[in-house]
Amino acid sequence: MSEHSQILQRVYDAQDNEELASAYGEWARRYDRDLLEQGYVLPFFITSFVARYLPRGAGPILDAGVGTGLTGPYLAALGYTGLAGIDMSDEMLQMARTRGCYDELQNAVLGEKLPWSDDHFAAFISAGVFTAGHAPSHSLDELVRITRPGGYAIFNIRQSIFEENGFASKLQEQEEVGLIKPVEISPPFTGFAYDKDDILGFVHVLQVL
């Protein structure tokens, strides 16, 4: 088994957040190379949806599950400012800091209380985070709380966990109580340019009410 396969196995075998953070910490320095060698395209996809809906200067944007900060440089290149990020891995956050485009980076866990007041962000984005064994569906409660009315939620969810991990019911619940309204759901697509065409997901765009 290759080194990449071993660390990926550790990520998906993690039994709790401590094990998951440790696995990502070990992977941090190789993470970009490993994903980009597989044609990872989610940072481009997410950025394109941000550009479609959120004008530059609208306000701060949270990159939820920022990892090494792959998405940030593309947002910055399009003129977006006020970028913040959270991740559970200090090593991943350190890599994100080297990109020089995030104003604020904090260690925080999706699914737990987040360190911002209500209605703080103009949008939150998340790329590759709502997947097997990672952030739970109730992460969306805090993310919506810290996004201002009229702001946007832009994220992808892996198709295979959408129903079984509670994302479908969570989004329905938030819509029914008037917290969000769906704006767009992309057709299913793979987040990799090659080799992983069986791993499909959707981009969801929501407006916070």
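Points worth noting:
- Dipole orientation for the stretch 40-208: of the candidates Gly79, Leu42, Ala135, Gly79 has the Cα lying most toward the positive pole (charges on Cβ; Lys, Arg +1; Asp, Glu -1).
- Dipole magnitude of the chain about its Cα centre (Cβ charges: Lys, Arg +1; Asp, Glu -1), debye to nearest 20: 740 debye
- Within the chain, the longest segment free of exposed loop sites, counting trypsin sites (Lys or Arg not before Pro) that fall outside DSSP classes H, G, I, E and B and have at most 12 other Cβ atoms within 10 Å, spans 114-209.
- Average Cα contact separation per residue, the stretch 25-83, under 8 Å, 6 or more apart, as relative contact order %: 42 percent
- Given their separation in residues at 0.36 nm each and the Cα-Cα distance between them, Asp32 and Ala168 gain 45.9 nm when the chain is fully extended.
- Largest GNM mean-square fluctuation across Ser169, Ser117, Ser48, computed for the chain with C-alpha springs under 10 Å, falls on Ser117.
- With contacts taken as Cα pairs under 8 Å at a separation of at least 6 residues, the stretch 40-208 carries a relative contact order of 21 percent.
- Rounded to 5, the percent of DSSP beta bridges in the chain classed as antiparallel: 45 percent
- P(r) tail, the chain: Cα-Cα pairs separated by more than 27 Å, 24% of all pairs.
- Kirkwood Rh in Å, taken over the stretch 85-182 so that all alpha-carbon pairs contribute: 14.3 Å
- For the pair Lys113 and Ser186 in one chain, pulling the backbone fully straight at 0.36 nm per residue adds 23.4 nm over the alpha carbon distance.
- Take the Cα of Gln106, step 7 Å toward its Cβ, do the same at Arg52, and the gap between the two points is 3.0 nm.
Rule-based calculations on the coordinates, nothing more; no lab input. Computed from a predicted model, the values in this text were never measured in an experiment. Positions of Cβ are generated from backbone atoms using ideal geometry, with glycine treated the same way; all protein chains shown enter the neighbour counts.
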